[in-house]
Every structure is written in C-alpha cells, then in structure tokens.
Amino acid sequence: MPHVAGCLKGTLQSLLYWYSTRDKPDKMKKLEIITSCAAGLEELVESEIQQFGGTSIECAKGMVSWQGDLESAYRCCLWSRFASRVFLQLSQFEVNNEETLYTKCLAIEWQNYFDEETSFAVNCTISAGSPINHNKYAALKVKDAIVDGFRDRTGRRPSVSTKKPGFQVHLHLEGEKATLALDMTGEALHRRGYRGSAGRAPLKENLGAAIVALGGWTDEEGGCFVDPMCGTGTLLIEAAFMFGDIAPGLFRYYYGFLGWKGHDGDLWRKLVLEAEERKEKGKEKTWPLFQGYDCDPVAVSSARKNVELSGLTEYIQVKQAELATLNPPAGSGLVISNLPYGERLSETVLVAQLYAAYGRIIRQKFHGWRTGAFIANPELTDSFGLTWQEKHKLHNGSIPCRLLVSTVIEDTSSVFQWQPVAAPQEEQGDAFGNRLRKNLKKTLKWAKREEISCFRVYDRDLPDYNISVDLYEKWVHIHEYAPPKTIDPAVASARLRSAVKTVRDILGVRSDRVFVKKRERQRGKNQYEKRGSQKKMHTVREGACHYLVNFRDYLDTGLFLDHRPVRKKIFLAARGKRFLNLFGYTGTASVQAALGGAASTMTIDLSATYLHWARMNFALNGLAEKNHRTEQMDCMKWLHGNTSVYDLILLDPPTFANTKKEGLVFDVQKDHVELIHSAMSRLSSEGLLLFSTNYRQFKLEKDIEEQYDVVNITQQTIPFDFSRNKRIHMCWEIRKNR
C-alpha cells in the first residue's frame, strides 16, 4: 500500500515533533486552515468542512478559511470531493518589498517544520494591491531565506525539488499581508490518481464531483446514473465514489505533508484504514446502474481504463453510442453530461443544434428523471427547450460555465397538424379558395394518417394561379412561378396577393409565418444561390428525423419534399450499411441513413454552405461527425480519387451546373453515364445505388441498362402530395449484375 512507507516515516517524525514542542503549548492550539476551490464550489466545500469537524468557517471567492485539529485537516485531504488544495497556516506578517519578505522568512525556524534531508519547494499567489507583483521572484526570495536559514542554524541546507517535494511551502500575498502555509495536498486534490488518460479538454475531477452533486445525485440506494456524452468517464466515476462512500484521496500516492515534522503517521494510517473499511462496506450496498456513452471509440477506451483504475469495473458500464440512440434504462434517476462547448463561431452554431437534440431526447424519453447539462455558453441555455429550475455559475479552469438542472416534464408534443379556420360562405368565383379547401380536405387527412408534417397542398392546379403552396409544420412556403409573357404583370401580381390572403384566411396563419418567393426557370446552380442573409433556421420533422429549413435566404428551403419516399427508402435500407450521399446538399438523406442505423455515412458536395448545413442537421439529430463525415469536393473528382467501398449510394445530381472557381461544367444528360459508372465502381457487390434526377427530359442511356441491373422506381417514389406532377423527378435502383 503506497501510504504505509509514508506513515512509518511520519510516525517517527511526529514523535520528534511532539518532543520538540512538548513545552510549547501554543503549538498545540487549533490549526488555522485555508481550503482553496474553484469559484462556485465554496458552499459545497463549507458543508464538507463542517462534516470534518471544522469550526469558525468563513467563505470568500475560491477560498474557505476555518479552524480545526490535525485530524480534520487530514480528513479534508483524504475525503474532500470539491476542494483543490488544503493549506496549513504557518506564519502571517506584513511586507512592503522583496527584502522585507526575505528578512521575515529568514527569521522563521524552518528546521522545526522539516529537516535538511527533506526536499522542498515554494510557490506563490498574488492578489491585487500587493507591493510585490512577480510571483516567481517572490517565491525565489522565500526559497533563498529558507536555504540561508538552514545554513545559518545547522550548517547544512535542504535540496529544492519541483516534483513532489517532501515539504511544499505556499506564499500568498494580498495587499501588504503575507501568509506562509504548508500545502498539505502537495498537488491539487483533483488529481485523484485514477485517471490514466485525460483525453481532450479533460474535466477536473473535483469539478466533476460538484456537477454530480449539484445535479442532485446522492448516496442513497435507488435510481440510475446516465451520462450520454461521458468522455473519459469523470462524472460516472465521481458519482460512483459518492454512492459507494469511497474517499477520493485513497488513490493518491503523494501528499505534501509527508515530509512535515508535524505529520502524525499513526493518525493518518488510522484514517486511511477507516476509509478502506468504508469503501468495502459501500460495496455491500445494492448498486444502481452507472451507464456512460460516447461516440468516440478513443474516449470510450480511455473511460474504460479510468474505470478500471478506480476499481469500479463491476459497477460502471461504458458503451460506444451516439446521442441519437440514447434510451433510458428501467426506472428513473439522473441523466447529466458535460456537453461540448464550441469555442469558435462555426462550432457554436453546431453546438446549439446538439443542445437542441439533447433537450428533445431528454424530454421525449426521460420523463420524471433529474437532468443536468454543463455548458460554457450561457447564451445557448434556451437551445435545449427545457425549463431549467436551477442555474449554477461554475468555472472550468478560466472558462465561466453554467450547470443547468431540472426535473424532466413529460413531452406531450406531437406532429403538428393544421386545423383550417372554418370559412364563411364562399364567394362566387373564388376558384383558388375552393381548390385549396378541396386539396386540404384530402391532403390533411393523409398527412395525419402518415404522421407527415411537411407537404404540398397546392401545385399549380389552376392556370390563373401558377403557384405552389407547401406547409412546413406551422409555416407556409409559397412559390410563384413566372407567368407567361401574355399575362399582364399587374394582373399576375394581384392574383398572387389574392392567393396569399386566401391561404392566410383559410389556414388562419399569421403573416410572419408565410414566405413567398418567385421561381423562374433556372440553369445550373442559380437555384441554390443565396438570396438573403437572415440565417434564420426553423426545425421541422420527417419521420424519426429533424431538419433545419430556411424560408428566406435561398430559393429552396433545404428540404426537397418530393424526395420524402426516397429518404424513407434509405432509412429502411441503411441498417449496418456504409452510406454515400453524392451531391449531398443539406444532408437530409444522410440523416435518414444515420438514424436508420447506417454504420457510417459520407456526404460529398462542392458547397461549403450546404455541408455546414448538413453538419447542423447531424448535430440537431444527436449524430456525431466521427461517424458521419462530410467532404467539400466536386463529386466526379472525388469518385475518381477515392477507393472506399459503400453498400448504399444516393446519386442525385443537379440538372446543370458550372463553377467559375473550379472551371467545371456538369450536364446530367451528357455526363450521367460516366457519373454512374464511377459511382458503381465504389459500390459493394451486393450494394444498391439510387439514381435520381428532376430533369424532365432525361433519358437513361442504354449502356447503363445493359451493364447493370436497373429498375425504374419513379412511380414508387412520387409522394401523394405530388401526385398531380408525376414527372417531378425520376428515380432508378441500380445494382451490379450477379
């Protein structure tokens, strides 16, 4: 046991110390102790100190001062879950410059605290108002005074060691007051000793313990502990320590008091043995489920190693899984996580969507549980869609953070269904209104039955009203198609205004939820070009998926409604498959594949804007980029330079595209043979390629039909709400000949 050698040495030292101080009653008084902690944890530390027997407790930011005997100080070192360091005050005096500091320290009889054989180190912290403003120089002056003092009194000097010294001196300067203390912990108490692998941006263990405690976790039997994004497992281990009554200091091999002459080895050994007994007794309890998940296999491996080092393999399970697949175990408990922060603006946008996914999944699946989210950006608090009952201000190092805590209320929301306003007596000649009501009567019934919330209700049914009307949950998206040149523009404009008013009146929708765009015949990527800069996104649902749509900035919304059956087909076919989405646009098909259980997805597109949109869609659904990659490149170039194999491929190219920057020109009729051949070279032997185009004059070349097993599935992929327009797109299943 690592503590035994230190205990035996400490026993002899404590006897010598007792002998040297037996005639000095002032040495036997209550000890003045200062415990440091991260800002926001002061009340938690205060509560612990009361349990350790401390008295005269005073709290300041990041610091708790108190009085106690040696046992209470030891208990704080061994048992505190939230403190950073424990300082035993040795001396306090006034200073006004470096020379005064040196003189005061030289006068202290340091040989009463440690001997020449013991290595030591000095560190320093400085608060505002101190006449000395260089902490390293101040520490050097104290070090010189200690060495000179030993040499003057004993003729010998102790050695300095910056790594695990036997005696650690801490100097704190505040105003003109200097406080010298023994750093009893030696190294920060968050270094429990169980973490073999920290991973990226590790959460300190004492902060992890605070998150768990403030989240409402207790040591009482019953309830589960779930961390959906557990990283290296800190929250899981700290929660298990609390439940199992395990002292966090039991795993440490070093303390700063082991070289102190005042160290009582017998007392320390007694407390360590007591902690061991409490740990063994804790194992006799009926343990709840401690379950952690992470999408990163490296993090999962690190977490499992840390759990093993903590001795809790029997009680903590860590699995590789994405947030999207999270399901609650039986019963209830606490679901809490240290979520990604998002330091750059682009990351913050993605993180906001991830938080939305976290909140939605928790609302839908964890009714009655306690939940918590530790985040760094308070502005994203509302992203979760949860009503937070507690908001704790904490710090992760220098990063100001928030711990949000609440009890989950059941999510009673369902797929949005329109309820048209009862219309007054129809005016004679209100052809558009009559047709819209007729369409709504049959379409809304179909949408409710199929649980579809985004669909078309009018598709240029009447020549005089050359528009399409799409419903996206509670929003209306209207496209006006360019009228023939024979129609007076003023007449066309009046008809559009009349139609928009009729839509609003029949549906009872506010004007700010109706979006109108003019659609003209487009060539190339014009239909994808940006037309605004509001960047306002709205969330809609399709089956198990959630998508972000934009009604203002682009001609299209980011979701092609006519491809709904194709996406459903991908969802049903994707389980265990490697999915490739060429000309991936906003990644909607990739999201369907991912939630359908695809082993991985790859989305290729030349547009950085749409790939960022795709990544937002992934985050919104709790899907990680680790398994669902995106790559910005011309699809033909990518296919020529890539050798990966996929089991399911979607090939949905534009009709025509040219790019000035890349100097590329694409024509689907002209180039589809080479494109399909290239894509088929990336398809596994038993794989399926779905080829789709919205070019109405398109003809599939015989070469493709002769070389592959081709099935035209166009009619199967035209949804009910597009049944008036059978040529909205064409679609084929293509397989390799067996």
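The values are calculated or read from the model by the stated rules, or taken from the named source; none is laboratory data. Given the structure is predicted, the values throughout are model-derived calculations rather than measurements. Quick reminder, even Gly has a Cβ in these numbers, built from the backbone with ideal geometry, and neighbours come from all protein chains shown.
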Within segment 649-672, considering residues that are in contact with a helix residue (DSSP H, G or I) (Cβ under 6 Å, 6 or more places away or on another chain) and either among the aromatic types (Phe, Trp, Tyr) or within 18 Å of VAL711 (Cβ to Cβ) (or both), the one surrounded by the most Cβ atoms within 10 Å (Cβ to Cβ): LEU650
Restricting attention to segment 266-290, which residues are small (Gly, Ala, Ser) and modelled with pLDDT under 95? GLY282
Would you pick out the residues in segment 43-82 that are crowded, with 22+ Cβ neighbours inside 10 Å and charged (D, E, K, R)? ARG75, ARG81
Apart from one, (1) under 16 Å from PRO420 (Cβ atoms); (2) buried (at least 18 other Cβ atoms within 10 Å of the Cβ) all hold for LYS474; the odd one out is (2)
For segment 320-365, which positions are at positive phi and either in contact with a helix residue (DSSP H, G or I) (Cβ under 7 Å, 6 or more places away or on another chain) or in the same structural domain as LEU623 (by TED's automatic domain parsing) (or both)? GLY342
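Does segment 446-468 hold any residues that are assigned to a loop (DSSP other than H, G, I, E, B) and charged (D, E, K, R), and which are they? Please lay out each step first, then the result.
The initial filter retains those residues of segment 446-468 that are assigned to a loop (DSSP other than H, G, I, E, B), namely 451-453, 460-461, 463-464, 466.
If the condition is that a residue be assigned to a loop (DSSP other than H, G, I, E, B) and charged (D, E, K, R), then GLU451, ARG460, ASP461, ASP464 are the ones that fit.
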Could you go through segment 710-723 and let me know if any residue there is modelled with pLDDT under 95 and outside any helix (DSSP H, G or I). yes
Working only within segment 60-108, note down all residues that are out of contact with any strand residue (DSSP E or B) (no Cβ under 6 Å at 6 or more places or on another chain), over 23 Å from ALA139 (Cα atoms) and small (Gly, Ala, Ser). ALA60, SER72, SER80
Take the residues of segment 726-738 that are touching a strand residue (DSSP E or B) at 6+ places or on another chain (Cβ under 6 Å) and farther than 15 Å from ILE649 by Cβ: which is surrounded by the fewest Cβ atoms within 10 Å (Cβ to Cβ)? ASN737
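Just checking: which of the helices (runs of 4 or more DSSP H) contained wholly in segment 220-313 hold 2 or more residues that are charged (D, E, K, R) and without any contact (Cβ under 8 Å) to a residue 60 or more places away in the chain?
Values: elements: 234-243, 265-282, 297-309.
Helices (runs of 4 or more DSSP H) meeting the threshold: 265-282.
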Just for segment 673-709: of the residues that are of a type in the set (A, V, I, L, M) and closer than 22 Å to MET633 by Cα, which one is surrounded by the fewest Cβ atoms within 10 Å (Cβ to Cβ)? VAL673
Residues of segment 245-279 satisfying the condition of being crowded, with 22+ Cβ neighbours inside 10 Å and under 16 Å from GLU220 (Cα atoms): ILE246
Could you please give the count of residues in segment 140-167 that are crowded, with 20+ Cβ neighbours inside 10 Å and aliphatic (A, V, I, L, M)? 3
Counting just the residues of segment 353-372 that are of a type in the set (Lys, Arg) and part of a helix (DSSP H, G or I), which one comes out surrounded by the fewest Cβ atoms within 10 Å (Cβ to Cβ)? LYS365
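Just name the residue that is surrounded by the fewest Cβ atoms within 10 Å (Cβ to Cβ) out of those in segment 196-236 that are under 29 Å from LEU70 (Cβ atoms) and under 22 Å from the mean Cα position of the chain (by Cα).
Residue satisfying both the conditions and the ranking: ALA213.
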